[in-house]
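For reference, the structure discussed in these notes is given below.
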């Protein structure tokens, strides 16, 4: 089984190609002075397929990060995933960004992942509850006080919460594409058709908020 997975919801574009549970190629694309990283998604997918002597028709499943994360990035990857799935008549495995990041915890501590949701709000995921939600910064502070979590966050949340020991995912060159691919492979039985694919924004983007 050939599984193509990609993520443009976070700080970079992550693309991984695997055959069964073996990674064939994994690529990380950063922003340039002229373009946001997601602008290279389609061209990079073509390059990776060519490097492995494959064509789009060889792809059996697509894994994609559905968010939360960059509004523009989520739209980019979900649009590409939907178009490819429809054209190739294949299914998609949706994976949430905070669950991807939770795999960075290699300790025995309970995992808590948080990202800045702006407007004094945070996205939060705890592995024990296996639930992603948005909450106020103050509510999150209270949760953190209750337990000695292994906290994974972005730079913004680490500064807001004054987290001294949190793992800031942007601070190291983690290959989140490989993690996404592994999760997608494990959840392949939960694949959906293109029309069922939805972004996980949790909160509507500001343009849609009623005044």
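The values are calculated or read from the model by the stated rules, or taken from the named source; none is laboratory data. The shown structure was predicted, so the numbers you read here are calculated from the model rather than taken from an experiment. Please note: Cβ atoms are built from the backbone with ideal geometry, for glycine as well, and neighbour counts cover all protein chains shown.
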Inset, instruction - Output the strands (runs of 3 or more DSSP E) that fall wholly within segment 1-47 and possess 1 or more residues being over 14 Å from the mean Cα position of the chain (by Cα), surrounded by 20 or more Cβ atoms within 10 Å (Cβ to Cβ) and in contact (Cβ under 8 Å) with a residue 40 or more places away in the chain, or say none. - result: 2-7, 13-19
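Can we say residue 74 is assigned by TED's automatic domain parsing to the domain that holds residue 198 and not in a loop (DSSP other than H, G, I, E, B)? Don't jump to the end; show me each part of the working.
Numbers: assigned by TED's automatic domain parsing to the domain that holds residue 198: yes; not in a loop (DSSP other than H, G, I, E, B): yes.
For residue 74, the condition - assigned by TED's automatic domain parsing to the domain that holds residue 198 and not in a loop (DSSP other than H, G, I, E, B) - is met.
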Legend entry - Unique residue being part of a loop (DSSP other than H, G, I, E, B), more than 15 Å from the chain's Cα centre (by Cα) and without any contact (Cβ under 8 Å) to a residue 24 or more places away in the chain when the list is 148, 139, 129: 129
Inset, instruction - Output yes when any residue across segment 148-159 is under 30 Å from residue 91 (Cβ atoms) and either modelled with pLDDT under 95 or surrounded by fewer than 20 Cβ atoms within 10 Å (Cβ to Cβ) (or both), and no when none is. - result: no
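Looking at segment 48-71, which of the residues that are out of contact with any helix residue (DSSP H, G or I) (no Cβ under 7 Å at 6 or more places or on another chain) and assigned to a helix (DSSP H, G or I) is surrounded by the fewest Cβ atoms within 10 Å (Cβ to Cβ)?
Narrowing segment 48-71 to residues out of contact with any helix residue (DSSP H, G or I) (no Cβ under 7 Å at 6 or more places or on another chain): 48, 50-54, 58, 60, 70-71.
Keeping just the survivors that are assigned to a helix (DSSP H, G or I) gives 48, 50-51, 58, 71.
On the way: 48: 19, 50: 10, 51: 12, 58: 14, 71: 15.
This residue is 50.
May I ask you to verify whether residue 81 is under 18 Å from residue 175 (Cα atoms), under 17 Å from the mean Cα position of the chain (by Cα) and either in contact (Cβ under 8 Å) with a residue 24 or more places away in the chain or not in a helix (DSSP H, G or I) (or both)?
Values: under 18 Å from residue 175 (Cα atoms): no; under 17 Å from the mean Cα position of the chain (by Cα): yes; either in contact (Cβ under 8 Å) with a residue 24 or more places away in the chain or not in a helix (DSSP H, G or I) (or both): yes.
Answer is no for this residue.
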Inset, instruction - Go over the candidates 192, 179 one by one and state the one that is touching a residue at least 12 places away in the same chain (Cβ under 8 Å), out of contact with any helix residue (DSSP H, G or I) (no Cβ under 7 Å at 6 or more places or on another chain) and under 28 Å from residue 19 (Cβ atoms). - result: 192
Inset, instruction - Mind listing whichever residues of segment 162-174 are in contact (Cβ under 8 Å) with a residue 40 or more places away in the chain, more than 15 Å from residue 102 (Cβ to Cβ) and assigned to a loop (DSSP other than H, G, I, E, B)? - result: 173
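How many of the residues making up segment 152-161 are closer than 20 Å to residue 100 by Cβ and either in a loop (DSSP other than H, G, I, E, B) or touching a residue at least 40 places away in the same chain (Cβ under 8 Å) (or both)? First the steps, then the outcome.
From segment 152-161, those closer than 20 Å to residue 100 by Cβ are 152-158; that's our starting set.
Checking which are either in a loop (DSSP other than H, G, I, E, B) or touching a residue at least 40 places away in the same chain (Cβ under 8 Å) (or both) leaves us with 152-154, 156-157.
Qualifying residue count, segment 152-161: 5.
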Legend entry - Single unsatisfied condition, residue 120 versus (1) closer than 21 Å to residue 72 by Cα; (2) over 16 Å from the mean Cα position of the chain (by Cα); (3) surrounded by 14 or more Cβ atoms within 10 Å (Cβ to Cβ): (3)
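Residues checked against (1) touching a strand residue (DSSP E or B) at 6+ places or on another chain (Cβ under 9 Å); (2) at pLDDT 95 or above:
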| residue | (1), (2) |
| --- | --- |
| 80 | yes, yes |
| 86 | no, yes |
| 90 | yes, yes |
| 98 | yes, yes |
| 101 | yes, yes |
| 111 | yes, yes |
| 115 | yes, yes |
| 121 | yes, no |
| 126 | yes, no |
Legend entry - segment 100-117 - residue that is touching a helix residue (DSSP H, G or I) at 6+ places or on another chain (Cβ under 7 Å) and touching a residue at least 60 places away in the same chain (Cβ under 8 Å) and, of those, surrounded by the fewest Cβ atoms within 10 Å (Cβ to Cβ): 104
Inset, instruction - Kindly indicate the residue of segment 84-97 that is touching a helix residue (DSSP H, G or I) at 6+ places or on another chain (Cβ under 8 Å) and part of a helix (DSSP H, G or I) and also surrounded by the fewest Cβ atoms within 10 Å (Cβ to Cβ) among those meeting that condition. - result: 87
